[in-house]
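Chemist: Have a look at the structure that comes next, please.
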Amino acid sequence: MSNKTKWILELNDEQVILLRDITEFFARITAGQTREICRILEAFSPNSDSADLSPESQTYIADIIKRTYFPELSENASYGAYSLELSRSSKIAWDLYQVLRKPLHDKFTPQHKMSVHGDEATQSCSTCDLAIFKEGKIDSLKE
């Protein structure tokens, strides 16, 4: 690890799941995946039943945000995790999301069920140095 400050957090399952979801949301939104906004807000809003936006309304909201903040991207386009256009913060969030999703998948998914969330974490930000400790073992990003 680098000589920078090293932070160690001790989190319960609920906190790790929330951190995973927040980092995924941030990474996707900053990559131009604006359609994620309504999905996330509905999942976490205390008034999600009353909001109940139609698919058309969700698309309208997402499209306005996309045209405003990502005018260079076409309707269904977004930046990839390895895109040079992504900010360092977006790449760090994506890397952190990947490190968090693997152990959560392993803990909560039956062994016979396969999913992209069970894939090993990859690193999109070459200067990021992230690792997760689970049951005394380290699971870090692979370069």
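The values are calculated or read from the model by the stated rules, or taken from the named source; none is laboratory data. Just so it is clear, the model here is predicted, and its values are computed rather than measured. Positions of Cβ are backbone-derived with ideal geometry, glycine not excepted, and every protein chain shown enters the neighbour counts.
Chemist: Which pairs have Cβ atoms under 7 Å, sit 6 or more apart or on different chains, and link a residue in segment 83-105 that is touching a residue at least 60 places away in the same chain (Cβ under 8 Å) and farther than 15 Å from F25 by Cα to one that is of a type outside the set (V, I, T) and in a helix (DSSP H, G or I)?
Modeler: Here the result reads L104/R20, each pair linking segment 83-105 to a residue that is of a type outside the set (V, I, T) and in a helix (DSSP H, G or I).
Chemist: Take segment 58-80 and flag every residue that is within 18 Å of the chain's Cα centre (by Cα) and surrounded by fewer than 18 Cβ atoms within 10 Å (Cβ to Cβ).
Modeler: Those that are within 18 Å of the chain's Cα centre (by Cα) and surrounded by fewer than 18 Cβ atoms within 10 Å (Cβ to Cβ): A77, G80.
Chemist: Residues that are among the polar types (S, T, N, Q) and modelled with pLDDT of 85 or more: find the helices (runs of 4 or more DSSP H) completely inside segment 1-109 holding 1 or more of those.
Modeler: The qualifying helices (runs of 4 or more DSSP H) are 13-30, 55-69, 88-108.
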